[in-house]
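Here is the structure we will look at.
The values are calculated or read from the model by the stated rules, or taken from the named source; none is laboratory data. As the structure is a prediction and not an experimental result, all values here were calculated from the model. Here the Cβ positions follow ideal geometry from the backbone for every residue, glycine too, while neighbour counts run over all protein chains shown.
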Amino acid sequence: MKQMRAIVTGGAGFIGSHIVDALMQDKRFEEVIVIDNLSSGAYENIMHWENDERFHFARMDLTNIDEIAGIFKNVDVVFHFAAESSVKIGSEYPEKMWRCNVVATFNVLEAMRLNNVKNIVYASSSTVYGDQVKIPTPEEAILQPISMYGASKLAGEALILGYANTFKMRGLILRYANITGPRMRRGVVYDFVVKLLKNPNELEILGDGTQRKSYLHVSDAVSATMFLFDKFLNASSRFEIYNVGNIDWITVKEIADIVSEVLGVHPEYKFTGGVESGRGWIGDVKLMLLDISKLRSKGWQPTMNSHEAVRQSAKEVYKEVKDKI
Ligand code: NAD
């Protein structure tokens, strides 16, 4: 069995820390190095590995290539999960999307090229599709992001294809739907849990509540990621692109109902109305369901549908934050 050395960028964040757990539990990985500047992630998410000699943490900023380049020596694969992942922040600070998502991805690829690292797994996003008519949306759809965040994730994909083809590197690009579960500190489920802990009688809902999207529990997202990574390792293709999502979708109003039920409260809903016919915020894609038939055809299935994933993560997040609010 070939031993591998991996870097996880953004490994102290929500999804990245669960990827770190999967790699640390996989004995093929002789070393797992987390690079994170802790801008939105938390060291507590990975602290449980600090006494394992296979684990290393580098508090570094990916926007500084001189700082990070040396760490990539003798690495086999980079799981690139660091990003500024808030659509809302992109409409307020577009330069942040450029720096944290585009420049950082360029720097990761440069550090890989300079150190002859061949494989990258990239956390892309359903937001690269924008508003689509064809739903569920397949990988072949024309990519038309409607947010600075979506644009920056698409730029990252483009850079990976450029590097893969120019420098004989290999890229596995995963377009995740909305991911939900323990350790998340943003997104609608977290937002509703926190608001209801503060005031169980009233719940502010951004938009008109009819936004309908697909949610995948983080345990399923990680299982799909490792499943596709194993297939990719044994394939000869230079790059592959997969949608990683669920079989169904759920409205924001239904999420509010589930979270309220989990917390045992009966709030009055206050819809903000949102922007542009009920979007929650500028750049919010109102309808998102990815076509995951390519992923399913390889033999992977989610264990929870969107409704189950939301319910499960509401319970998990409630448990994590109930004594902190
Ligand atoms: P997150 O904010 O929890 O994690 C991102 C991590 O990257 C954080 O730990 C942060 O500190 C780190 N980071 C940010 N900028 C950095 C920099 N310049 N240098 C070093 N570290 C930096 O977000 P997440 O939800 O876990 O998202 C992880 C990845 O998955 C992101 O690339 C995101 O675009 C993508 N994604 C997330 C979702 C979702 O629903 N959460 C959906 C689709 C795609």
### Query
Scanning segment 249-303 for residues that are among the acidic types (Asp, Glu) and part of a loop (DSSP other than H, G, I, E, B), which turns out farthest from Thr225 (Cα to Cα)?
Glu276
### Query
Take the residues of segment 189-216 that are under 26 Å from Pro136 (Cα atoms) and crowded, with 24+ Cβ neighbours inside 10 Å: which is farthest from the ligand (Cβ to nearest atom)?
Gln211
### Task
May I ask you to list pairs of residues, at least six apart or on different chains, whose Cβ atoms are under 7 Å apart, with the first in segment 308-319 being over 13 Å from Phe192 (Cβ atoms) and modelled with pLDDT of 95 or more and the second being not polar (S, T, N, Q) and not in a helix (DSSP H, G or I)?
Ala309/Tyr215; Ala309/Leu216; Ala309/His217; Gln312/His217; Gln312/Met304; Glu316/Gly181; Glu316/Pro182
### Task
Looking only at segment 79-108, count how many residues are buried (at least 24 other Cβ atoms within 10 Å of the Cβ) and away from the ligand (no atom under 12 Å from the Cβ).
0
### Residue, nearest to Ile282 (Cα to Cα), within segment 65-92, restricted to residues that are at pLDDT 95 or above, within 22 Å of the chain's Cα centre (by Cα) and in a loop (DSSP other than H, G, I, E, B)
Glu84
### Query
Does at least one position in segment 166-181 carry a residue that is within 17 Å of the chain's Cα centre (by Cα), of a type outside the set (Lys, Arg) and away from the ligand (no atom under 13 Å from the Cβ)?
yes
### Message
Where the second residue is in a helix (DSSP H, G or I) and more than 14 Å from the ligand (Cβ to nearest atom) and the first is modelled with pLDDT of 95 or more and lies in segment 134-149, which pairs have Cβ atoms under 9 Å and are six or more apart or on separate chains?
### Response
Pro136/Ser293; Pro138/Ser293; Pro138/Lys294; Glu139/Lys294; Ser147/Ser91; Met148/Ser91; Met148/Pro94; Tyr149/Ser91
#### Entry: Search result, residues across segment 252-284 that are buried (at least 16 other Cβ atoms within 10 Å of the Cβ) and of a type in the set (S, T, N, Q)
Ser260
## Note on the structure
Result of the Cβ filter at 6 Å on segment 154-179, keeping first residues that are closer than 18 Å to Phe81 by Cβ and assigned to a helix (DSSP H, G or I) and partners that are away from the ligand (no atom under 11 Å from the Cβ) and not hydrophobic (A, V, I, L, M, F, W, C), at least 6 apart or interchain, is Leu154/Pro145; Ile160/Gly171
### Query
Do we find that Ser219 is outside any loop (DSSP other than H, G, I, E, B), away from the ligand (no atom under 15 Å from the Cβ), of a type in the set (Gly, Ala, Ser) and at pLDDT 95 or above in this structure?
no
### Query
Do we find a residue being out of contact with any Phe, Trp or Tyr (no Cβ under 9 Å at 6 or more places or on another chain), among the hydroxyl-bearing types (Ser, Thr, Tyr) and under 30 Å from Val121 (Cα atoms) anywhere in segment 314-323?
no
### Task
Search segment 84-100 for residues that are on the phi < 0 side of the Ramachandran plot and in contact (Cβ under 8 Å) with a residue 12 or more places away in the chain and pair each with any residue that is within 13 Å of the ligand (Cβ to nearest atom) and aliphatic (A, V, I, L, M) when their beta-carbon atoms are under 7 Å apart and the residues are at least 6 apart or on different chains.
Glu84/Met97; Gly90/Met97; Gly90/Met148; Ser91/Met148; Pro94/Met148; Lys96/Ile89; Met97/Met148; Cys100/Ala83
### Query
Assuming Asn246 fulfils every condition listed in (1) closer than 30 Å to Leu295 by Cα; (2) assigned to a helix (DSSP H, G or I) apart from one, which condition is it?
(2)
### Task
Could you list, in sequence order, all residues of segment 1-48 that are among the β-branched types (Val, Ile, Thr), farther than 16 Å from Asn74 by Cβ and near the ligand (Cβ under 7 Å from one of its atoms)?
Thr9, Ile15
